[in-house]
Amino acid sequence: MKPKTVNLTLDGALIEAEKGSTILQAARQFGIHIPTVCYLENLSPYGGCRVCVVEIGHNGGGKTFLDTSCTHEVREGIVVQTKSPRVIRARRMLAELLVASAPNVKIAQDIAARMGLLRVRFPMEDQRCILCGLCIRMCSEQMDGRALGFAGRGVTKRVSLPFETRPETCRLCRGCDYVCPGMVAPCPGIKEPGELCGRCTRLEEMPNCCPTGTFGCFCERNPL
Amino acid sequence: MRRIRTVFDLEKWKREIIAKQGQYETEISVCGGTGCHAYGCKKVKNELVKAIRKNGYRSKVRLKFTGCRGFCERGPIVTIQPQGIFYQRVQEKDVPAILSETVAQGRVLEYLLYEDAVTKRKVTSEKDVSFYQKQQRVVLENNGLIEPTKIEDYIRIGGYQALAKALGEMTPDQIIDEVKAAGLRGRGGAGFPTGIKWEGCRKAPGFPKYVICNCDEGDPGAYMDRSLLEGNPNLILEGMIVGAYAMGAKQGFIYVRHEYPLACRNAETAISQARKVGLLGQNIMGSGLDFDVEIAQGGGAFVCGESTALIASIEGKVGEPRSKQTHTVIQGLWGKPTNLNNVETWANIPMIIQQGSQWFSSMGTEKSKGTKIFSLVGQVKNTGLVEVPMGITLKEIIFDIGGGPQNGKRIKAVQTGGPSGGCIPAPLFDLPVDFDSLTQVGSMMGSGGMIVMEEGTCMVDVAKYFVHFLQEESCGKCLPCREGLKRMGEILEGITDGQGNGESLFLLEELAQVVADTSLCGLGKTAPNPVLSALRYFRPEFEAHIEQKKCPAAVCTPLIKYAISQGGCTGCGACQKVCPTQAIAGERKQPHRILAELCGKCGSCRDICKANAVLVQ
């Protein structure tokens with residue numbers, strides 16, 4: 001049986017996407033790249049990093065709005081733009097916020113580089129956890145461990161074990177480490193605070209500063 | 001207590017209550033609202049109980065401990081019926097005189113009456129007080145007439161008649177049509193048409209359905225939902241039962257923060273009394289409707305006022321919002337259709353059912369119907385809860401009801417809508433207050449907070465305050481709200497510290513727009529409003545901080561300098577005594593001066609100086 005589909009416009013092209021899929025899934029299927037941080041296939045979408053925002057409108061005009069493509073399901077007749085000026089402006093600012101708080105996390109560096117950021121206007125911090133929640137979802141959804149969770153609120157939010165002790169349900173499977181973006185060796189290119197070199201996005205050849213040798217894809221989880 | 005099985009039972013009970021309460025010659029009502037509690041109304045009430053017992057008035061005088069009457073500035077408020085005498089600022093020591101003079105001999109105690117600020121005349125009855133004159137108290141009216149812990153009081157004034165009418169004479173569709181025709185819009189802030197929401201919930205497939213009352217009010221300076229639930233919980237319950245009947249819900253929740261203990265207690269009492277008399281539970285009034293209400297206590301997180309975060313909190317999860325592509329009326333609590341309304345919205349329902357949609361839509365403007373309760377606070381003479389028809393101007397609220405600014409200063413702006421709203425400057429005070437016109441000027445109705453600010457307020461400081469508030473209340477789930485607000489706070493902090501530069505405002509604006517655009521929930525989406533509206537109307541003030549390193553309102557301490565006017569100083573030495581850092585030098589009877597390097601800029605010298613010789617630059 002043919003799966004049910006809906007028709008939508010994606011970056012100007014009329015496409016048919018499977019009903020129930022998200023905009024992100026549909027876009028990737030058609031080779032359109034939308035950067036993500038807190039999204040991982042086979043884990044439930046979280047919608048926390050907001051980097052995957054797209055501009056959504058309806059056929060026949062009306063107001064458009066931004067929403068995360070990882071949580072927004074395709075609907076009949078929606079018009080989606082993944083690279084409109086409004087999206088780019090928002091994504092650039094999000095990348096700047098992200099890299100300013102975690103300049104030594106590879107995925108933050110990657111997204112900043114890809115958005116063409118060369119200077120960060122905020123004071124740099126050095127957080128290692130970007131609160132993407134991948135480890136928590138990995139633990140509870142794939143490993144059935146439920147050993148991790150968020151504690152605190154707002155700027156004091158952090159990933160924590162229940163009462164800061166390892167529960168019996170944690171089998172030390174290291175699933176959390178496996179998905180953690182902070183565990184990827186970062187680019188050593190950021191030397192001066194606030195300055196991003198962005199060499200990897202400009203050179204034809206792979207610069208020798210890329211630790212993973214994954215020049216061009218930035219991160220395996222974020223395929224172009 | 002009896003059980004109400006039919007509409008006739010309700011009527012009969014009402015007649016009996018009226019007959020029974022008719023034996024009292026005098027009714028003394030002490031306001032038991034939160035504001036009056038702070039002024040010590042409980043002591044007054046206890047003293048009255050004792051005095052009534054001692055004087056043997058128990059069969060003659062009924063003492064009522066009512067809900068908030070709104071005029072919180074003048075608490076504790078005591079009214080005496082049937083004469084309709086309105087006493088304000090009543091203290092324990094006034095109680096014997098009230099009983100011996102007013103109750104026994106009918107004499108009015110002049111010194112307890114309210115003095116009109118303009119005419120300087122003493123006012124005897126409540127309706128002549130200028131604070132109440134321009135108001136149209138429809139929802140709040142009964143707060144002062146009933147004791148919230150007694151369901152009999154509510155039945156006596158015609159309570160649960162709307163429910164009887166709805167169950168006996170109307171079909172669910174008729175109720176929804178009536179609410180739609182009334183044009184009621186959600187009072188929680190967004191102003192979504194209630195009837196359409198209800199229709200969506202009724203039509204949504206799924207069972208069971210839920211209704212929720214949102215009493216997680218957390219805006220600084222706003223307390224109207226709290227006062228309604230404290231003062232008239234049965235009104236909310238009645239609205240919820242009518243709504244449950246219209247939408248086919250089986251279970252209701254009142255989500256109230258545990259920081260509102262009186263509201264929790266009174267709502268709990270009302271629910272248990274309603275259960276006892278059969279107004280909640282199985283087969284309500286013989287109509288076959290089964291419905292019950294529970295209280296869900298929140299931990300006091302601001303973000304839990306957002307519908308999806310509130311639902312997560314009731315489910316026992318962390319109060320964090322989720323993506324709202326599928327609305328909660330389709331998929332809400334435990335994935336079932338859920339209708340969530342604000343306290344005030346529910347409170348309007350019984351009146352719409354009983355008096356009809358035409359009556360309701362006769363009040364207000366074309367697109368915003370009915371009345372709205374505002375909590376008028378800040379630097380005005382008469383603070384308190386005001387209920388006004390939609391479309392009244394800000395000027396009327398602030399100057400006619402609020403009595404204008406305190407101590408003769410000029411009013412600079414009014415902040416509406418709490419942390420999600422914005423500041424409206426004084427030149428726009430002719431603006432009619434309704435959902436759309438407030439949004440148009442960059443603020444919003446919100447749940448109804450109204451903070452009046454006079455000329456001594458620094459708008460950069462106000463913007464900073466709200467950003468810091470939201471930064472602390474942000475759940476931290478999404479990046480723009482968590483990091484963006486932190487950065488906005490840093491930039492504003494820099495500006496008030498005199499470290500702002502030419503780029504600061506540009507960056508602040510850009511960041512604010514992105515935070516509004518990309519945040520996950522309503523908290524983040526509206527969080528930049530205070531900053532954006534302040535920038536829109538008070539940009540020169542921001543620029544003064546950055547370019548001239550001066551705070552025009554003399555609030556931001558790093559940017560101001562204290563000095564003593566050599567001509568004005570009498571050399572009394574009062575400032576020397578209060579100065580915590582010994583920064584004031586000078587002989588007695590000689591003009592003093594301030595040593596800048598020691599000055600802590602606390603302002604104590606300015607407060608104490610009788611000659612107004614301390615200047616701030």
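The values are calculated or read from the model by the stated rules, or taken from the named source; none is laboratory data. In this text, all values refer to a predicted model and were calculated from it rather than measured experimentally. All Cβ positions, glycine included, derive from the backbone under ideal geometry; neighbour counts span all protein chains shown.
Since B:GLY448 meets every condition but one in (1) buried (at least 24 other Cβ atoms within 10 Å of the Cβ); (2) under 14 Å from B:PRO530 (Cβ atoms); (3) small (Gly, Ala, Ser), which condition does it not meet? In the conditions (1) buried (at least 24 other Cβ atoms within 10 Å of the Cβ); (2) under 14 Å from B:PRO530 (Cβ atoms); (3) small (Gly, Ala, Ser), B:GLY448 misses (2) alone. Of everything listed in (1) farther than 15 Å from B:GLN135 by Cβ; (2) at pLDDT below 90, the single unmet condition for B:GLY402 is (1).
Please state which one of A:ILE88, A:ILE136, A:ILE111, A:ILE107 is within 13 Å of another protein chain (Cβ to nearest Cβ), surrounded by fewer than 21 Cβ atoms within 10 Å (Cβ to Cβ) and part of a helix (DSSP H, G or I).
Working: A:ILE136 fails: surrounded by fewer than 21 Cβ atoms within 10 Å (Cβ to Cβ); A:ILE111 fails: surrounded by fewer than 21 Cβ atoms within 10 Å (Cβ to Cβ); A:ILE107 fails: surrounded by fewer than 21 Cβ atoms within 10 Å (Cβ to Cβ).
So the residue among A:ILE88, A:ILE136, A:ILE111, A:ILE107 that is within 13 Å of another protein chain (Cβ to nearest Cβ), surrounded by fewer than 21 Cβ atoms within 10 Å (Cβ to Cβ) and part of a helix (DSSP H, G or I) is A:ILE88.
Provide a single number: the residues in region B:398-444 that are more than 21 Å from B:GLY370 (Cβ to Cβ) and more than 18 Å from the chain's Cα centre (by Cα). Number of matching residues: 21. Of all residues in region B:15-64, those satisfying the criterion of being surrounded by 14 or more Cβ atoms within 10 Å (Cβ to Cβ) and among the β-branched types (Val, Ile, Thr) are B:ILE17, B:THR26, B:ILE28, B:VAL30, B:THR34, B:VAL44, B:VAL49, B:ILE52, B:VAL61.
In this structure, A:VAL99 does not qualify as assigned to a helix (DSSP H, G or I), facing another protein chain (nearest Cβ under 10 Å) and not charged (D, E, K, R).
Residues in region B:167-189 that are within 20 Å of B:LYS250 (Cα to Cα), surrounded by 22 or more Cβ atoms within 10 Å (Cβ to Cβ) and among the small types (Gly, Ala, Ser): there are none. What are the residues in region B:152-166 that are in contact with a Leu (Cβ under 8 Å, 6 or more places away or on another chain) and crowded, with 19+ Cβ neighbours inside 10 Å, if any? Residues satisfying the conditions are B:ASP153, B:TYR154, B:ILE155, B:GLY159, B:TYR160, B:LEU163, B:ALA164. Residues in region B:113-148 that are among the small types (Gly, Ala, Ser) and assigned to a helix (DSSP H, G or I): B:SER130, B:GLY144.
Restricting attention to region B:334-352, does a residue exist that is part of a loop (DSSP other than H, G, I, E, B), closer than 20 Å to B:VAL118 by Cα and either under 20 Å from the mean Cα position of the chain (by Cα) or in the same structural domain as B:ARG202 (by TED's automatic domain parsing) (or both)? No, region B:334-352 contains no residue that is part of a loop (DSSP other than H, G, I, E, B), closer than 20 Å to B:VAL118 by Cα and either under 20 Å from the mean Cα position of the chain (by Cα) or in the same structural domain as B:ARG202 (by TED's automatic domain parsing) (or both).
When you check B:GLU483 against the structure, is it outside any loop (DSSP other than H, G, I, E, B), within 8 Å of chain A (Cβ to nearest Cβ) and at pLDDT below 90, yes or no?
On the way: outside any loop (DSSP other than H, G, I, E, B): yes; within 8 Å of chain A (Cβ to nearest Cβ): yes; at pLDDT below 90: no.
So B:GLU483 fails the test.
The number of residues in region A:115-133 that are away from chain B (no Cβ under 11 Å), among the small types (Gly, Ala, Ser) and buried (at least 17 other Cβ atoms within 10 Å of the Cβ) comes to 0. Taken over region B:61-85, the residue count meeting the criterion of being within 23 Å of the chain's Cα centre (by Cα) and of a type in the set (A, V, I, L, M, F, W, C) is 6. For region B:513-560, a residue qualifies if it is among the polar types (S, T, N, Q), under 15 Å from A:MET93 (Cβ atoms) and in a helix (DSSP H, G or I), and the qualifying residues are B:GLN513, B:THR518. Can A:ASN7 be described as of a type outside the set (D, E, K, R), surrounded by fewer than 22 Cβ atoms within 10 Å (Cβ to Cβ) and part of a loop (DSSP other than H, G, I, E, B)? In short, no. The sole residue among B:LYS464, B:LYS477 that is facing chain A (nearest Cβ under 9 Å), touching an Asp or Glu at 6+ places or on another chain (Cβ under 7 Å) and either crowded, with 22+ Cβ neighbours inside 10 Å or under 24 Å from B:PHE192 (Cα atoms) (or both) is B:LYS477.
Taking region B:190-305 and the strands (runs of 3 or more DSSP E) fully enclosed by it, the elements with 3 or more residues that are buried (at least 24 other Cβ atoms within 10 Å of the Cβ) are at B:209-215, B:249-257. Once region B:445-478 is narrowed to residues that are farther than 15 Å from B:PRO220 by Cα and hydrophobic (A, V, I, L, M, F, W, C), the residue that is farthest from the chain's Cα centre (by Cα) is B:CYS478.
When the residues of region B:490-511 are filtered to those that are at the interface with another protein chain (Cβ under 10 Å from one of its Cβ atoms) and surrounded by 21 or more Cβ atoms within 10 Å (Cβ to Cβ), which remaining residue is farthest from B:GLU543 (Cα to Cα)?
So in region B:490-511, the residues at the interface with another protein chain (Cβ under 10 Å from one of its Cβ atoms) come out as B:490-491, B:494, B:503-504, B:506-507, B:510-511.
Next cut, surrounded by 21 or more Cβ atoms within 10 Å (Cβ to Cβ) only: B:491, B:511.
Values: B:ILE491: 13, B:LEU511: 18 Å.
That would be B:LEU511.
So, of the residues in region A:159-182 that are within 21 Å of the chain's Cα centre (by Cα) and within 14 Å of another protein chain (Cβ to nearest Cβ), which turns out to be modelled with the highest pLDDT? The selected residue is A:VAL159.
Quick check on my filter: what residues within region A:139-158 are of a type outside the set (Lys, Arg) and either within 11 Å of another protein chain (Cβ to nearest Cβ) or not in a helix (DSSP H, G or I) (or both)? Of everything in region A:139-158, those that are of a type outside the set (Lys, Arg) and either within 11 Å of another protein chain (Cβ to nearest Cβ) or not in a helix (DSSP H, G or I) (or both) turn out to be A:MET143, A:ASP144, A:GLY145, A:ALA147, A:LEU148, A:GLY149, A:PHE150, A:ALA151, A:GLY152, A:GLY154, A:VAL155, A:THR156. Of all residue pairs spaced 6 or more apart or on separate chains, those with beta-carbon atoms under 7 Å, a first member in region B:498-512 that is in a loop (DSSP other than H, G, I, E, B) and a second member that is surrounded by 14 or more Cβ atoms within 10 Å (Cβ to Cβ) are B:GLY498/B:LYS549; B:GLY498/B:LEU559; B:GLY500/B:GLY494; B:GLY500/B:HIS545; B:GLY500/B:ILE546; B:ASN501/B:ILE546. Scanning region A:75-85 for residues that are assigned to a loop (DSSP other than H, G, I, E, B) and touching a helix residue (DSSP H, G or I) at 6+ places or on another chain (Cβ under 8 Å) turns up just one, A:THR82. Within region B:512-543, the set of residues being within 14 Å of chain A (Cβ to nearest Cβ) and over 20 Å from A:VAL87 (Cα atoms) comprises B:LEU523 only. Considering region A:53-74, the residues that are modelled with pLDDT under 90 and assigned to a loop (DSSP other than H, G, I, E, B) include one that is farthest from the other protein chains (Cβ to nearest Cβ), namely A:GLY60.
Is one or more of the residues making up region B:596-606 exposed (fewer than 14 other Cβ atoms within 10 Å of the Cβ), hydrophobic (A, V, I, L, M, F, W, C) and in contact (Cβ under 8 Å) with a residue 12 or more places away in the chain?
For region B:596-606, residues exposed (fewer than 14 other Cβ atoms within 10 Å of the Cβ), hydrophobic (A, V, I, L, M, F, W, C) and in contact (Cβ under 8 Å) with a residue 12 or more places away in the chain: present.
Of the residues in region B:77-90, none is of a type in the set (Gly, Ala, Ser), touching a Leu at 6+ places or on another chain (Cβ under 9 Å) and at pLDDT below 90.
Of these, B:PRO552, B:PRO558, B:PRO580, which one is surrounded by 14 or more Cβ atoms within 10 Å (Cβ to Cβ) and not small (Gly, Ala, Ser)?
On the way: B:PRO558 fails: surrounded by 14 or more Cβ atoms within 10 Å (Cβ to Cβ); B:PRO580 fails: surrounded by 14 or more Cβ atoms within 10 Å (Cβ to Cβ).
The unique qualifying residue is B:PRO552.
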